[in-house]
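The values are calculated or read from the model by the stated rules, or taken from the named source; none is laboratory data. Note that the structure is predicted; figures quoted are calculated from it, not measured. Backbone-built Cβ (ideal geometry, glycine too); neighbour counts: all protein chains shown.
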Protein chains: 2
Amino acid sequence: MSAHVFIAEDEASIVSLLKYNLEKEGYKVSHSENGEDALKQIKFKQPDLILMDWMLPELSGVEICKNLKKDNKFNDIPVIMLTAKGEEEDKLKAFDTGADDYVTKPFSQKELNARIKSLLRRSKPQSSSDIVEFTDLKIDRITKRVYRKDKEITLGPTEFKLLDFFIKNPKRVYSREQLLNNVWGENIYVESRTVDVHIRRLRQAINIQNTKPLIRTVRSAGYSLES
Amino acid sequence: MSAHVFIAEDEASIVSLLKYNLEKEGYKVSHSENGEDALKQIKFKQPDLILMDWMLPELSGVEICKNLKKDNKFNDIPVIMLTAKGEEEDKLKAFDTGADDYVTKPFSQKELNARIKSLLRRSKPQSSSDIVEFTDLKIDRITKRVYRKDKEITLGPTEFKLLDFFIKNPKRVYSREQLLNNVWGENIYVESRTVDVHIRRLRQAINIQNTKPLIRTVRSAGYSLES
DNA sequence: TTCCTCAGTTAACAAATGATTAAAAAGGGG
DNA sequence: CCCCTTTTTAATCATTTGTTAACTGAGGAA
């Protein structure tokens with residue numbers, strides 16, 4: 001899953017240079033050459049990182065940056081400012097608007113790549129262990145949402161816990177006993193048939209027509225999550 | 001950027017002990033030994049945390065605390081009360097005045113440090129930005145105003161704090177427990193159903209007819225702010 | 001192969017759990 | 001003392017859960 005870099009820059013030559021290099025690095029790249037449009041696109045596409053020219057037609061990079069940093073939904077997106085002059089003063093002003101880094105033109109592509117990599121590494125882990133994926137299944141423990149092939153699925157609390165448990169050790173077969181202990185709790189007694197029922201409900205919720213079912217039944221042993 | 005701790009205490013020996021220890025911990029420390037002056041200084045300097053003696057000449061710690069907690073501009077500053085007697089009754093009274101924590105003399109410096117750290121951790125992020133937006137919601141922490149789609153909305157103090165808390169981590173699901181701790185305070189006990197009531201009022205206030213509601217209920221987990 | 005048995009599947013339902021709502025009671029400040 | 005906000009309470013509403021019982025199908029024995 002490659003990161004998406006957005007370029008806000010009006011000089012076509014720089015854009016194509018950047019685009020070429022970034023795509024070679026494996027990033028998905030899109031761009032805009034005017035400020036107002038850039039802001040709109042950023043809010044729509046939610047890129048993972050933004051390269052922004054200091055000066056832009058319509059709406060300056062500074063303004064865009066300020067705007068983004070005010071909004072919780074976007075203020076985590078790292079921004080690298082590009083500027084022609086290498087003056088200290090501008091540098092400080094850039095950080096002041098909330099930019100995360102700063103590169104002066106002309107810049108070395110190598111250095112830029114390093115900075116991009118570093119910023120992306122920093123922003124990614126925020127959402128790492130709380131979001132778990134297994135093949136085309138994704139569960140988010142913070143927002144308590146489950147997705148199959150990027151489509152949201154609603155589960156009851158028990159089904160959620162059940163899936164969460166399976167996803168911790170995919171392919172492993174768990175007996176009903178084990179599932180009861182781990183999903184329901186050590187000292188709660190319910191019929192072991194109850195597990196079947198919840199397995200069924202989970203299956204119905206996450207299955208997709210005409211595809212291999214995700215939960216395998218292992219006769220006289222239990223169930224497991226399969227790819 | 002080190003935090004600024006203010007000490008309101010008249011016993012010189014305690015002041016110097018505290019000062020020595022806190023400065024060693026890296027805090028900026030200032031103090032006053034009489035109540036009236038303390039209040040003046042606090043309002044002028046806006047420290048990040050206050051250590052306050054229960055009994056003070058001129059104006060008692062209780063009075064200062066009440067005074068601060070009434071004022072929007074200062075009621076976020078955490079206050080730790082210092083008192084000679086370890087009686088339950090005083091403790092309750094202390095919390096009643098709005099103190100955030102309570103330590104009885106003689107106290108262990110280690111414990112005090114832990115309490116200070118915990119309170120600072122809790123209050124620091126608040127001062128991140130004075131105006132925060134999330135989608136079409138905007139809240140201004142200075143003027144305590146809330147807007148939805150640029151239209152002003154009036155909220156009670158609790159609803160304001162609730163929304164303010166949600167907006168710090170949108171989409172994240174918080175349990176009633178967590179909300180009580182973070183919005184009401186660590187050592188305030190109210191029924192967890194009370195949260196529901198305030199959620200309801202907040203919903204009524206910020207919702208717009210025929211649009212997706214902003215606050216999501218996650219059964220048996222809590223609530224979250226959604227876009 | 002056929003039949004039998006046993007384990008797993010399924011649907012329906014009742015009970016329990018949890019959320020919403022309105023209204024009354026309790027505080028607190030001016 | 002009055003007004004406004006908060007908290008509690010309790011009735012109601014909605015969803016989830018566990019149970020039961022009938023059904024299905026796999027796999028072993030004859």
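Between A:177, A:226, which is within 31 Å of the chain's Cα centre (by Cα) and either modelled with pLDDT of 95 or more or away from DNA strand C (no atom under 11 Å from the Cβ) (or both)? Break it down stepwise before answering.
Details: A:177 fails: within 31 Å of the chain's Cα centre (by Cα).
Only one candidate qualifies: A:226.
Just to be sure, is residue B:138 away from DNA strand C (no atom under 16 Å from the Cβ), closer than 27 Å to residue A:153 by Cα and either within 14 Å of chain A (Cβ to nearest Cβ) or touching a strand residue (DSSP E or B) at 6+ places or on another chain (Cβ under 6 Å) (or both)?
Details: away from DNA strand C (no atom under 16 Å from the Cβ): yes; closer than 27 Å to residue A:153 by Cα: no; either within 14 Å of chain A (Cβ to nearest Cβ) or touching a strand residue (DSSP E or B) at 6+ places or on another chain (Cβ under 6 Å) (or both): yes.
Answer is no for this residue.
Hey, could you check the stretch A:160-218 for residues that are of a type in the set (Phe, Trp, Tyr) and assigned to a helix (DSSP H, G or I) and say which is farthest from residue A:134 (Cα to Cα)? First the steps, then the outcome.
Kept after step one, since they are of a type in the set (Phe, Trp, Tyr), are these residues of the stretch A:160-218: A:160, A:165-166, A:174, A:184, A:189.
Now narrow it down to the ones that are assigned to a helix (DSSP H, G or I): A:160, A:165-166, A:184.
Values: A:160: 15, A:165: 12, A:166: 10, A:184: 23 Å.
Result: A:184.
Would you check if there is a residue in the stretch A:162-176 being within 10 Å of DNA strand D (Cβ to nearest atom) and either free of Cβ contacts under 8 Å to residues at least 60 places away in the same chain or surrounded by fewer than 15 Cβ atoms within 10 Å (Cβ to Cβ) (or both)?
There is at least one residue in the stretch A:162-176 that is within 10 Å of DNA strand D (Cβ to nearest atom) and either free of Cβ contacts under 8 Å to residues at least 60 places away in the same chain or surrounded by fewer than 15 Cβ atoms within 10 Å (Cβ to Cβ) (or both).
Without any contact (Cβ under 8 Å) to a residue 24 or more places away in the chain, of a type in the set (Val, Ile, Thr) and under 30 Å from residue B:170 (Cβ atoms): does that describe residue A:143?
Spelling it out, residue A:143 is indeed without any contact (Cβ under 8 Å) to a residue 24 or more places away in the chain, of a type in the set (Val, Ile, Thr) and under 30 Å from residue B:170 (Cβ atoms).
Going through B:195, B:218 one at a time, which residue ends up being within 14 Å of chain A (Cβ to nearest Cβ), surrounded by 13 or more Cβ atoms within 10 Å (Cβ to Cβ) and aliphatic (A, V, I, L, M)?
Step by step, each of B:195, B:218 is checked, and only B:218 is within 14 Å of chain A (Cβ to nearest Cβ), surrounded by 13 or more Cβ atoms within 10 Å (Cβ to Cβ) and aliphatic (A, V, I, L, M).
With respect to residue A:226, determine if the residue is over 30 Å from residue B:225 (Cβ atoms), in contact with a Pro (Cβ under 8 Å, 6 or more places away or on another chain) and more than 12 Å from DNA strand D (Cβ to nearest atom).
Answer is yes for this residue.
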